[in-house]
Amino acid sequence: MSAQVSAASTAQAASAPPASGAPHRNAPKQKQRSPIAQLLDFAGGRKPLTYVGCALSAISMLVSFAPYVCIWLVARDLIAVAPNWGAASGIATYGWWALGFSVLSILLYFAALMCTHLAAFRCASNMRKSTTDHLMHASLGYFDTHASGALRRVVDGCAAETEGLLAHKLPDTAGSVAMVVGMLAMFFVFDWRLGLACLAAVALSIACMMKMMGGRGMDFMTKYQESLVKMNKTGTEYVRGIPVVKVFQQTVYSFKAFHDAIEEFTQLAQDYAVKWCQVPQSLSLTVINAVAAFLVPLVILLAPGEADFPAFLANVAFYAIFCAIIPTAMTRVMFISDALQTSQDAVRRVNEVLAAPVIAAPAGAPETPADNSVEFRDVTFAYEGGEVPALSHVSFAVPAGATVALVGPSGGGKTTAASLVPRFWDVDAGSVLVGGVDVRRMDPHALMEHVAFVFQANRLFKQSILENVRAARPHATREEVMAALDAAQCADIVEKMPQGIDTVVGADGVYLSGGEVQRLMIARAILKDAPIVVLDEATAFADPENEALIQAAFKRLAVSADGRRRTMLMIAHRLSTVVNADAIVVLDRGRVAEQGTHAQLLAAGGIYARMWADYERAVSWKIAGASGEVA
């Protein structure tokens, strides 16, 4: 099965910026293709089946008109011999022909759906694979700014909508076009005057549909899909925050974003249905279900002047029966507009995901770092949509084997700086160097193998402890995982688990504290054995006992398996954890305010000295006793 299709490859190639970061200004403009054509690209080798299915559906619809002709022939013969109806000898033949055409129409339609379903399943599968594969190569920072609920809605929801669109709506649309064309032709085959009366009802119905589905209707579908994405996003956030609601005895209205998203969707749907669709939809349904209101006056007007009244009466009978197909035809025409709106929205959202920035490989041969040093050289970076750079002209160095701490006020840019080393984002100006090589000139896989990171917000998979730690190195042996757990001071965690390291976290009431999770994350980093380690507030969720164990784990993490010291870049708000760092870099408002050792920065009396004084006051703080005094 071809997992990657030309559309996905093209989108990924287009989304990868050139090495210099400059856009392709001289690239030729490509002709905008229809949303359906773009969706069909995901079907790969099964794309022709869609065309075959649509053709079979159209033929099936035209064949379904034959029974109406047979009915007209029966009516003609009966009227011609009335009241001696027994003389009409061809009625049984016409009946069998009608049955045969009906069965043939059904068989053709089933064959059509078989073809379109095979193509639709491949299209939906390739769409999921392409978007998932692209997200696997997207910069990790992309997931910080795009909610998981919204991404799930695109990856899974759009694929599901596309499956129904290509499997059912597209062949039905082809059948609808054939139905309308055939219906218009049939209107003028027997009596053009009666055909015009039926056509008047069709024209009025189409005008009503254009009023609903065109213009503001297209805008509504876009807003409708955006509202669904918003509800998915805020709904995910709401579910994750339920424990907070329970703890503080709050109501659902505490999650105003989720409540507002539901209200917005409700109001949008009601306004569209009541204010925009109520009158034209009611009129359309009335007209197409009451074609007789157009036929009867005309029949009364024309009947007295007809020379061949029996033939005229047979024609009237045909149109009276055939007009029952008009509601079905008009309903299918309405589905055409809906299908176009759905496909357009699905393509747009999928293309947005496929346009997510990727960790692009260097254009030429990748370079290999000379050592394990890290250097920020005049780095400037701003988040998408940000008015003020998160980092501005930041420069500092972390020598190979050294430990450098990033500290500073909240929002100063510490986490942003740390995330640039493993290329969660790429810098806007300047460069981040590893071993003297710009990280953008390194092979992305080699960079990831070169850097390990432990963040303050880590999540475990619902797998065994063994598999959770082994995620850092999937082919590691059981003994190597146990050694990493011991080095990370996780022996007590393993001992209390019912099945040891084979215990599944999150199942059967097995849960870990924040500090225990942090130690498992450190075990992951130790098992990875990368020469550079980035630590972002790794003791954030640790109680005093866990913090002591984590500090011991840091000592083991600082030394690689071959005895060499790892390069450590760490972020910490607890200044006691960075006192012994080789150097401390103070970031304030995205700039390097000062740097040096703990003693040097205290002597300088700057931001760090004030932060240290605040920290000492904070650690000596005590809860007020019965006297109300606070020490």
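The values are calculated or read from the model by the stated rules, or taken from the named source; none is laboratory data. Everything numeric here is computed off the predicted structure, so don't read it as measured data. Here the Cβ positions follow ideal geometry from the backbone for every residue, glycine too, while neighbour counts run over all protein chains shown. Note: areas computed on protein heavy atoms with side chains; ligands, DNA, RNA excluded. Shrake-Rupley method; radii C 1.70, N 1.55, O 1.52, S 1.80 Å.
Residues in the stretch 432-469 that are open to solvent by less than 20 Å² (accessible area, probe 1.4 Å) and not in a helix (DSSP H, G or I): V432, L433, V434, G435, V437, M442, V451, A452, V454, S464.
Answer yes if at least one residue in the stretch 498-514 is free of Cβ contacts under 8 Å to residues at least 12 places away in the same chain and among the hydrophobic types (A, V, I, L, M, F, W, C), and no otherwise. Scanning the stretch 498-514 turns up no residue that is free of Cβ contacts under 8 Å to residues at least 12 places away in the same chain and among the hydrophobic types (A, V, I, L, M, F, W, C). If the condition is being aliphatic (A, V, I, L, M) and either open to solvent by 50 Å² or more (accessible area, probe 1.4 Å) or free of Cβ contacts under 8 Å to residues at least 40 places away in the same chain (or both), then the stretch 472-497 contributes M482, A483, L485, A491, I493, V494, M497. Once the stretch 108-124 is narrowed to residues that are open to solvent by 80 Å² or more (accessible area, probe 1.4 Å) and in contact (Cβ under 8 Å) with a residue 24 or more places away in the chain, the residue that is nearest to the chain's Cα centre (by Cα) is F121.
Residue-by-condition table, conditions (1) assigned to a helix (DSSP H, G or I); (2) more than 41 Å from the chain's Cα centre (by Cα); (3) farther than 30 Å from T162 by Cβ; (4) at pLDDT 75 or above:
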| residue | (1), (2), (3), (4) |
| --- | --- |
| L283 | yes, no, yes, yes |
| P297 | yes, yes, yes, yes |
| L313 | yes, yes, yes, yes |
| A320 | yes, yes, yes, yes |
| V333 | yes, no, no, no |
| V347 | yes, no, no, yes |
| N351 | yes, no, no, yes |
| P362 | no, no, yes, yes |
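Identification of strands (runs of 3 or more DSSP E) wholly contained in the stretch 539-625 with 1 or more residues that are within 23 Å of V517 (Cα to Cα) and modelled with pLDDT of 90 or more yields 567-571. I'm trying to understand the selection: among the residues of the stretch 359-375, which are within 12 Å of R440 (Cβ to Cβ) and open to solvent by less than 80 Å² (accessible area, probe 1.4 Å)? If the condition is that a residue be within 12 Å of R440 (Cβ to Cβ) and open to solvent by less than 80 Å² (accessible area, probe 1.4 Å), then I359, A360, A361, P362, G364, P366 are the ones that fit. Out of A98, A11, one residue alone is at pLDDT below 70, surrounded by 17 or more Cβ atoms within 10 Å (Cβ to Cβ), in a helix (DSSP H, G or I) and aliphatic (A, V, I, L, M). It is A11.
Taken residue by residue, the stretch 381-400 has at least one member that is touching a strand residue (DSSP E or B) at 6+ places or on another chain (Cβ under 7 Å), open to solvent by 20 Å² or more (accessible area, probe 1.4 Å) and over 23 Å from I607 (Cβ atoms). Every residue in the stretch 498-537 that is in a strand (DSSP E or B) and either modelled with pLDDT of 85 or more or open to solvent by 20 Å² or more (accessible area, probe 1.4 Å) (or both), please. Residues satisfying the conditions are V504, I532, V533, V534, L535. Looking across the stretch 566-611, the residues that are farther than 28 Å from V388 by Cα and touching a residue at least 12 places away in the same chain (Cβ under 8 Å) come down to R566, T567, M568, S576, T577, V578, V579, N580, A581, D582, T597, H598.
The residue that is nearest to P67 (Cα to Cα), among those in the stretch 322-331 that are modelled with pLDDT under 75 and assigned to a helix (DSSP H, G or I), is F322.
One line per residue, one yes/no per condition, for (1) modelled with pLDDT of 65 or more; (2) aliphatic (A, V, I, L, M); (3) open to solvent by less than 50 Å² (accessible area, probe 1.4 Å):
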residue: Y224; (1), (2), (3): yes, no, no
residue: S227; (1), (2), (3): yes, no, yes
residue: V244; (1), (2), (3): no, yes, no
residue: Q250; (1), (2), (3): no, no, no
residue: Y253; (1), (2), (3): no, no, no
residue: F258; (1), (2), (3): yes, no, yes
residue: T266; (1), (2), (3): yes, no, no
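Here the stretch 185-194 is the region considered, the condition is being out of contact with any helix residue (DSSP H, G or I) (no Cβ under 7 Å at 6 or more places or on another chain) and in a helix (DSSP H, G or I), and the residue that is surrounded by the most Cβ atoms within 10 Å (Cβ to Cβ) is A185.
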